[in-house]
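Presented below is the structure to which this report refers.
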Amino acid sequence: MVDPRKIAILGAGRIGESLISGLLSSGWREPGEVAATARRAERVAELRERFGVEATLSNHDAAAGAALIVIAVKPQDIEGLLGEIGTLVHSEQTVLSVAAAIPTSRIESRLSAGVPVVRAGARPGPGSRR
């Protein structure tokens, strides 16, 4: 069952932590509505203490039941992450990627059919090449 208020931030490094901070300081979410993951137990403890969110080493556990799953890992870690959560995510959930240079098609190919995937990132400015 999906909790419409739950947000899972997979990869709570600099960007992930900024998202957590913004969600909580704006009042858009309460700590109990946010789950975050990190690779080290010390970082998990730090996130729990600093923000009061559900923090875990398990991407699978954090993503389970979240209406919005934010992918905030480094590009080189995306395949491992998608391997962990790919079969768990379903069409009632939305995936938002803030992972640099990862096209939505690459993420969609590792998820069940019908899962909405959105990518957030900087758009090229006028005259820039991409």
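The values are calculated or read from the model by the stated rules, or taken from the named source; none is laboratory data. This one's a predicted model, so the numbers in the text were calculated from it and none came from an experiment. No Cβ is skipped: glycine too gets one built from the backbone with ideal geometry, and neighbour counts run over all protein chains shown. Side chains are part of the model used for accessible areas, which takes the heavy atoms of the whole protein and leaves out ligands, DNA and RNA. Shrake-Rupley method; radii C 1.70, N 1.55, O 1.52, S 1.80 Å.
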Report task. Check every one of the strands (runs of 3 or more DSSP E) wholly within region 12-110 and list those with 2 or more residues that are under 22 Å from Gly121 (Cα atoms) and in contact with a helix residue (DSSP H, G or I) (Cβ under 7 Å, 6 or more places away or on another chain). Result -> 34-37, 66-71, 94-97
Query raised in the report: Can you tell me how many residues in region 26-38 are surrounded by 21 or more Cβ atoms within 10 Å (Cβ to Cβ) and of a type outside the set (Val, Ile, Thr)?
Result: 3
Report task. Identify all residues within region 37-57 that are over 21 Å from Gly27 (Cβ atoms) and over 12 Å from the mean Cα position of the chain (by Cα); write none if there are none. Result -> Arg39, Arg40, Ala41, Glu42, Arg43, Val44, Ala45, Glu46, Thr56, Leu57
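Yes or no, residue by residue, for (1) farther than 19 Å from Val118 by Cβ; (2) open to solvent by 60 Å² or more (accessible area, probe 1.4 Å); (3) free of Cβ contacts under 8 Å to residues at least 40 places away in the same chain:
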{"residue": "Arg40", "(1), (2), (3)": "yes, yes, yes"}
{"residue": "Arg48", "(1), (2), (3)": "yes, yes, yes"}
{"residue": "Ala63", "(1), (2), (3)": "no, no, no"}
{"residue": "Ala67", "(1), (2), (3)": "no, no, no"}
{"residue": "Pro75", "(1), (2), (3)": "no, no, yes"}
Report task. Assess whether Ala55 counts as being closer than 16 Å to Ile7 by Cβ, surrounded by 14 or more Cβ atoms within 10 Å (Cβ to Cβ) and either touching an Asp or Glu at 6+ places or on another chain (Cβ under 9 Å) or basic (Lys, Arg) (or both). Result -> yes
Query raised in the report: Of the residues Leu23, Leu96, Leu10, which single one is hydrophobic (A, V, I, L, M, F, W, C) and open to solvent by 40 Å² or more (accessible area, probe 1.4 Å)?
Result: Leu96
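Yes/no per residue for (1) closer than 13 Å to Leu10 by Cβ; (2) in contact with a His (Cβ under 9 Å, 6 or more places away or on another chain):
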site	(1), (2)
Leu23	no, no
Ala41	no, no
Arg48	no, no
Ala67	no, no
Ile85	yes, yes
Val95	yes, no
Val98	yes, no
Gly114	no, yes
Ala120	no, no
Report summary line: Residue pairs qualifying under the 7 Å Cβ cut-off, at least six apart or on distinct chains, with the first in region 1-22 being of a type in the set (Asp, Glu) and the second being surrounded by fewer than 20 Cβ atoms within 10 Å (Cβ to Cβ), are Asp3/Gly65; Asp3/Ala67
Requested in this report: Within region 97-117, identify whether any single residue is of a type in the set (S, T, N, Q) and in contact (Cβ under 8 Å) with a residue 60 or more places away in the chain, and answer yes or no.
Outcome: no
